[in-house]
Amino acid sequence: MSVFARWLRLFQPSHRHTAFSATVLLMTAMVLSRIVGYVREAYTAWAFGAGPTTDAYIAAFQIPDFLAYLVAGGTISITFVSIYTRFLAEKREEDAQKTFSVIITVMTLVLGIGVILTEIFAPQITRLMFHNFKPEQLDLCVHLTRILLPAQIFFYVGGIVSAVLSSRRLFLFPALGPLVYNTFIILGGVAFSHSFGIASLAYGALAGTFIGPFLINAIGAARVGTGFRISFDVHNSAFREWVRMSIPLMIGVSLVSADDWILRYFASDAAGAISHINYAKRLLLVPIAILGQAVGQASLPFFARLFGEKRMQEFADTVNGSVYRTAAAALLATSLMMAAALPMIDLVYRLPHGHFIFSDSQATATYFFWFSLSLVFWSAQGLYARAFYAAGNTLPPMVASSLITIASLPMYRALYHAFSAVGLALASYLGIAANCLAMAVLLHQRRLVPWNQLQWRELGKAAITAGAAGLLSYRVASAVIVAGSRVADIEALALIGIT
């Protein structure tokens, strides 16, 4: 086959992927999704700026996210991949279908009850989480929260169906979900912002969740013959195994999820701080999605298969190889992002005739500079976590993550009081670094992924190269004064990129 034909096959819904082709597909989809995600954030910044209204909109996602984490463990669909993949490898198709049906039925009911209760008590919970909001901000946040809450049901069911497709090495439909979700948020704002204000984004998010993560994956599952019937068979042995694996994710609080909650809690003291931090984190999610999420999502079924077949040395080598390549690329990307923080933020968010002004760019760039330090740890910890999920062992990492989260709270508070909101970015970096290192230590102690087999020498070369390139780029770019001119932004970025 020609090279073009082989690449075209990656985008066929029925194509069964290798680890490499799945990574290529998911990276491509992640890049497209993050581009659309950038357009979404840029539109929000242009239309609504960075103030109390956008703070309330961003904060409105916190309660729905927290509910999903409490009820669904945040990453429970990942634990499902391990069980479902094992059944497929053992040719137990009927057991796989039964487990899928009972998990969907039971957890949709539980999550639905949670959504109803949260809709009722949204004002009280919002007031507790964001006690520094003014009354009009609280009212807006409650209104937006109630719009967004039902989306968690579609997210959850779509996540489980996506896990079924990933277990069958069919990645196209799962890859399209986030792209459609972001697109509908933009369409909602463009079409209805004059009628509903910033609530138009929330309505767009609700519609995008139904059509993207839920409906597209459901269509994909139906195409491959995945059956579903309502089942409350809680005595199913595989369902019980899944519950045992998932309980640590439900009761534990990982800093991976809690970081955004903690940042918003402290940043609610200053008007616009939540928005500035959110814009910085959303831009950081572009390389995180490409280097961490795409590689991790593509790798999990293969990690699970290797572990299920007891090919332990190959399992360890595969995890270490993935971590090395991801971390090396993340180190190089970090130096580029830190050197280019201000011109990059100013160019992508401060659009003509918008409400996002140059002082907003300066504040957001400061957060982005410090957040960028954590890219390598965000990327590596996702792979280490999936190694544990593939091994069917979720308790040790969640205990460690929960302890780190609890221990980090005083650090967030201390650094916030010492350095204002910039201290939160530093605390976020230190917390996620500790979380990543804890995962690596636990895998090493259990002789699953020995850290002495990681290519430390090559990582050292990447770190030295990244440091030298970043410092030199920053010095070269200082020849251009970035002070609100888009021409200056482009000139600075060009000098940094060439260097």
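The values are calculated or read from the model by the stated rules, or taken from the named source; none is laboratory data. As the structure is a computational prediction, the values presented were derived from the model and not from experiment. Neighbour counts are summed over all protein chains in view; Cβ atoms, including those assigned to glycine, are modelled from backbone coordinates with ideal geometry. Side chains are part of the model used for accessible areas, which takes the heavy atoms of the whole protein and leaves out ligands, DNA and RNA. Shrake-Rupley method; radii C 1.70, N 1.55, O 1.52, S 1.80 Å.
Remark: residue 399 matches the filter, which requires a residue to be touching a residue at least 60 places away in the same chain (Cβ under 8 Å) and surrounded by fewer than 21 Cβ atoms within 10 Å (Cβ to Cβ).
The number of residues in the stretch 132-154 that are open to solvent by 20 Å² or more (accessible area, probe 1.4 Å), in contact (Cβ under 8 Å) with a residue 40 or more places away in the chain and under 24 Å from the mean Cα position of the chain (by Cα) comes to 3.
Selection over the stretch 187-219 of residues that are open to solvent by less than 30 Å² (accessible area, probe 1.4 Å) and either in contact (Cβ under 8 Å) with a residue 60 or more places away in the chain or of a type in the set (Gly, Ala, Ser) (or both) gives a count of 13. Scanning the stretch 465-490 for residues that are open to solvent by 30 Å² or more (accessible area, probe 1.4 Å), among the charged types (D, E, K, R) and touching a residue at least 40 places away in the same chain (Cβ under 8 Å) returns a single hit, 486.
How about the stretch 345-356: which of its residues are crowded, with 22+ Cβ neighbours inside 10 Å and within 24 Å of the chain's Cα centre (by Cα)? Selection gives 345, 346, 349. Taking the criterion of being under 25 Å from residue 114 (Cα atoms) and polar (S, T, N, Q), would at least one residue in the stretch 161-170 satisfy it? So far as the stretch 161-170 goes, yes, one or more of its residues are under 25 Å from residue 114 (Cα atoms) and polar (S, T, N, Q). Tallying residues that are out of contact with any Gly (no Cβ under 6 Å at 6 or more places or on another chain), hydroxyl-bearing (Ser, Thr, Tyr) and within 18 Å of residue 324 (Cβ to Cβ) within the stretch 379-408 yields 1.
So that you can scan it fast, the table gives a plain yes or no per residue for (1) within 25 Å of residue 283 (Cβ to Cβ); (2) in contact with a Ser or Thr (Cβ under 7 Å, 6 or more places away or on another chain):
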position: 134; (1), (2): no, no
position: 150; (1), (2): no, no
position: 157; (1), (2): no, yes
position: 161; (1), (2): no, no
position: 165; (1), (2): no, no
position: 168; (1), (2): no, no
position: 173; (1), (2): no, no
position: 203; (1), (2): yes, no
position: 214; (1), (2): no, no
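Within the option set 55, 65, being acidic (Asp, Glu), surrounded by fewer than 23 Cβ atoms within 10 Å (Cβ to Cβ), modelled with pLDDT of 80 or more and more than 18 Å from residue 167 (Cα to Cα) holds for one residue only, 65.
Restricting 304, 273, 238 to those that are of a type in the set (A, V, I, L, M, F, W, C), surrounded by fewer than 23 Cβ atoms within 10 Å (Cβ to Cβ) and under 30 Å from residue 98 (Cβ atoms) reduces the list to 238.
Cβ-Cβ contacts under 7 Å between residues 6 or more apart (or on different chains), taken from a first residue in the stretch 48-63 that is free of Cβ contacts under 8 Å to residues at least 12 places away in the same chain to a second residue that is open to solvent by 10 Å² or more (accessible area, probe 1.4 Å) and not in a helix (DSSP H, G or I), are absent.
Within the stretch 87-106, being within 18 Å of residue 235 (Cα to Cα) and acidic (Asp, Glu) holds for 94, 95.
Across the stretch 238-269, which residue is farthest from residue 431 (Cα to Cα) among those that are touching an Asp or Glu at 6+ places or on another chain (Cβ under 9 Å) and of a type in the set (A, V, I, L, M)? The residue in question is 238.
Which is within 30 Å of residue 315 (Cβ to Cβ), among the small types (Gly, Ala, Ser) and at pLDDT below 95, of 485, 408, 401, 420? Result: 401 is the single residue among 485, 408, 401, 420 that is within 30 Å of residue 315 (Cβ to Cβ), among the small types (Gly, Ala, Ser) and at pLDDT below 95. Of everything listed in (1) surrounded by fewer than 21 Cβ atoms within 10 Å (Cβ to Cβ); (2) in contact (Cβ under 8 Å) with a residue 24 or more places away in the chain, the single unmet condition for residue 259 is (1).
Per the conditions (1) at pLDDT below 75; (2) among the small types (Gly, Ala, Ser); (3) part of a helix (DSSP H, G or I), the sole criterion not satisfied by residue 225 is (3). Can residue 457 be described as exposed (fewer than 14 other Cβ atoms within 10 Å of the Cβ), on the phi < 0 side of the Ramachandran plot, assigned to a helix (DSSP H, G or I) and not aromatic (Phe, Trp, Tyr)? Judged against the criteria, residue 457 is a match. Just one of (1) over 27 Å from residue 463 (Cβ atoms); (2) at pLDDT below 90; (3) in a helix (DSSP H, G or I); (4) not charged (D, E, K, R) fails for residue 295. It is (1).
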